[in-house]
1. Determine how large the accessible area of His413 is when every protein chain is in place; take a 1.4 Å probe and give Å² rounded to the nearest 10.
2. Could you work out how far apart the two model spin labels at Lys396 and Ala298 are, taking each label as a point 7 Å from the Cα in the direction of the beta carbon, and quote it in nm?
3. Over region 112-216, what is the percentage of antiparallel beta bridges among all DSSP beta bridges, to the nearest 5?
4. Return the sequence-ordered ³J(HN,Hα) values of region 83-97 in whole Hz as given by the Karplus equation 6.51 cos²θ - 1.76 cosθ + 1.60 applied to θ = phi - 60°, using x for Gly and Pro.
5. Order Lys430, Lys403, Lys425, most accessible first, counting only protein heavy atoms with a 1.4 angstrom probe.
6. Can you figure out the FRET efficiency of Ala287 with Ile320, using R₀ = 41 Å and their beta-carbon distance, to the nearest 0.05?
7. Considering only the other residues whose Cβ falls under 11 Å of the Cβ of Gly76, what net charge follows from Lys and Arg at +1 and Asp and Glu at -1?
8. Just how much of Met303 is accessible, in Å², when a 1.4 Å probe is used and the result is rounded to the nearest 10?
Amino acid sequence: MLGRNWLGALRVRVLLLGVALVALVVGIGCAPAWASSGGVTSVRGSAYGYLLNVSLFGGPVNTRGPSPTVTLVSNGSNSPQSASAPSGSAVVGPARFFSSGPITVEARASTGPTGSETSSTSIDSINTSTQEPFTASKASSTCTATASGVTGSVTITNGTLQTDSGDTTTGSAHQPVNENVPVHPVPNTSYTGHVHVNGGTENFRYVFNEQVTNPDGSLTVYAAHEYLLGPTAVGDLYIGKSDCGVTAVPVTLTPPSNTSPPTISGMTTQGKTLIEAHGGWTNNPTAFSYQWLVCDGAGNNCMPVTGATSQTYTLGTSDIGHTVRVQESATNPDGSGGPSQSVQTSVISPPPPPPPPPHPPGARKPVPCAGLTGVALARCQAKQRYLRALAVCGRKHEKKRAKCQRKTAVDYHREIALINCRTIKNPRPKGACIRRAQRIRR
């Protein structure tokens, strides 16, 4: 806008439509199309203190700035970049549009899996000329881009905006009006006003924390943007620009993948503890999780056992008559794989009965089969041999135990069948009975 020494107080503003705090649909913190959880391959970063483009009285556009300015190359190899100026000034003809104290701008970036780009601008003592509507002890903007998105923010310290220059014209005289600018204005906070000049008005609109999402997904943040709406001065004043963006490509994640199921070891007897051994996994797992399952006798209809999530599992009373499986999942920094499920165990059996109590001193031990004779005695003796053989089987390893029990049972049934054949008097049927009994095989 025009200086105080040109048409009096052209830089003093009047409130036109009131203060409108609006959040325009110009993104903040949005995730652009290129965002993905991958590595940063290129960056976009720049910053400047101020830039003025203005036409006076319909003449050609005059440009002042950008100053000071920094720009990163796309691979970020010249990072960090910084620049400063002891003061800022944008004057066109008789009109002064911007003045300030020291200005500092910076841009820094890195590429790779954790790459990012950050640009920032800091301006002290805005309106050292006292001829501009916006005054602040400091204004700063920051813009940060990573592979997951972009964010921007603005801080205005002790900021005021003169939205009414006041008017001394008879019949419409009024005092100047000043509005306090928020320390952290929401994106695209907008104020509209105008200046009285010789019976006419010079219009403007100020937008603080203006954020613009660019077509490539990068973000541009202005601490303030003055839209010069004329009719005398038409153009734009940009204050404290920060621009940021990155290009990222997805990183292929390699969570563990199962190559063989886990296995279970231990005796399948109530009260015993089963132990899980890891299955085969690719991509170097760093941790494992477990879930034990109780299934029917065929290993189907499995249900998770509440709280059974460690590498071991102690068989309980409710497991008798069932089988057990275990599920294992594996994790590495890229994610989790599984679960992979083991084959079922053999059917869980009850514990063997406790040994009989010792006989009291001096008491006679009972004699099995005492008082029996003939076939009854033979049957009783066969059963005693069978029970002793089962006890021997019970002390064997799980895999050999079942085979031993089957063999013992077959031997017992054959012996009983032969004993029963003795009760047949007729030689021919008796011989046939003996042959059938001998065909009972293991």
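The values are calculated or read from the model by the stated rules, or taken from the named source; none is laboratory data. Everything numeric here is computed off the predicted structure, so don't read it as measured data. Note: ideal-geometry Cβ built from the backbone for every residue, glycine included; neighbour counts use all protein chains shown. Accessible surface areas use protein heavy atoms only, side chains included; no ligands, DNA or RNA. Shrake-Rupley method; radii C 1.70, N 1.55, O 1.52, S 1.80 Å.
1. 110 Å²
2. Placing both labels 7 Å along Cα→Cβ, they lie 2.8 nm apart.
3. 95 percent
4. Values, residue by residue: 8, 8, 9, x, 6, x, 7, 10, 10, 10, x, x, 9, 9, 9 Hz.
5. Lys425, Lys403, Lys430
6. Values: r = 33 Å, r/R0 = 0.81.
The value I calculate is 0.80.
7. Taking every other residue near Gly76 into account, the sum is +1.
8. Using a 1.4 Å probe on the heavy atoms, I get roughly 120 Å².
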